[in-house]
1. Expressed in nm to one decimal, what extension gain is obtained for the pair ALA311 and THR168 from 0.36 nm per residue of sequence separation less their Cα-Cα distance?
2. Would you please classify the overall shape of region 28-96 from the alpha carbon gyration tensor, given that a ≥ b ≥ c denote the square roots of the eigenvalues, rounded means a/c under 1.5, and beyond that prolate means a/b larger than b/c while oblate covers the rest?
3. Any aspartates and glutamates with Cα under 14 Å of the LYS273 Cα? List them, leaving off those in the same chain fewer than 8 positions away.
4. Under 21 Å Cα-Cα from LYS68, which lysines qualify once same-chain neighbours fewer than 8 residues away are excluded?
5. Using a cut-off of 21 Å between alpha-carbon atoms, which lysines can reach LYS304, once sequence neighbours fewer than 8 places away in the same chain are excluded?
6. Could you work out the relative contact order of the chain? I mean the mean sequence separation of Cα pairs under 8 Å and 6+ apart, divided by the number of residues, in percent.
7. Please report the spacing between the Cα centers of region 97-164 and region 169-198 in Å, no decimals.
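Just so it is clear, none of the values below were taken in a lab; they were calculated from the coordinates. Predicted model only: the values in this text are computed from it and were never measured.
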Amino acid sequence: MNWKKAAAMVLAAGVSLSLAACSGAGGKVSADSNGLLPVKIGYTAPGAGYSDLYVAADDGIFAKHGLKVELVQLHDSSQLVAGLSSNSVQIGVGVAGDSASAILKGADLKYVAMSEPHYNLEMWASPENKSVKDLKGKKVAITSPGSESDYGLTDLLRANGLQRSDVTAVFVKSVPAEVSALESGAVSAILTQPPNGTQSREKGAVRLAELSNLDFPLGAYTVQSRYLQNNREVLKRFYAAEADSLQYLRSHERETETAIKKHTGVDSDSLAKYAYDFFVRVWAQTPVVDANLIKQAFTEAAQKAGSTPPADVSKYIDNTLAATP
């Protein structure tokens, strides 16, 4: 067999495998040898806000509910829908507006749970800034377009009588890059979730604001509709585990702080406690999807796209996973 023929056979085999993988996306999954149902959950930032996932994985909550979960950290919010579409993750969690934008473009997605109905951000700034209004004409670092910090910057400025055009937003892709930009003086302020951005206080930064008092559709768990249809048992177990985890966070402070340090890369006990105390005010009591917040997500997504939001968002929400069979 010559090399051209062999290469053609390899290429054909690769195409066949790719097609098979695509046709299997969202198909019914089977339990492993231990009776656990496998699922990959994608999340979009290494922040303490995802402690519901961290403790569920580390402290056996997922396993208790018969799930074998792999947590997949995506590089930024733009990869969330792509991960779901490619089936590289089966459940994605992040800003509800990302999924809403995809749905407006034709993606067939459903919201199945929500862990954070408020912004989980703080603004840290160089010490010459005494208020948010002092940032007019200056640069603020945020992660990426469509991210929580992107929406949060607009809402925070508006709440302080400023417009988005009053500052220059600098997209730097990651939280560590935000912190570095502030420490180097390249920007005057950053928007991050604790504890990662909070560590900038050790270099003299001051906290100008926190956004936990502002409603925002965050911690929105989405799936492909086909996956929901074919793997309802997986998602019912996930929902039950998520409900347990949200309660566990409140009654297991030490374990949660240990998980925060492990998964965010922050070694400081004081920063971990700071983050825990902050997020206790942010985490939802139950995973029920708030239809009003999803409507907000569609409204904001439509404004960005110059389109019209759906009048009824209920068809994009499944709040029945907690129901008994």
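1. 48.1 nm
2. oblate
3. Answer for LYS273, where 14 Å is the Cα cut-off: GLU253, GLU255, GLU257, listed by chain and number.
4. The qualifying lysines are LYS28, LYS40, LYS236, LYS262.
5. Within reach: LYS105, LYS110, LYS173, LYS295.
6. Value for the chain: 26 percent.
7. 13
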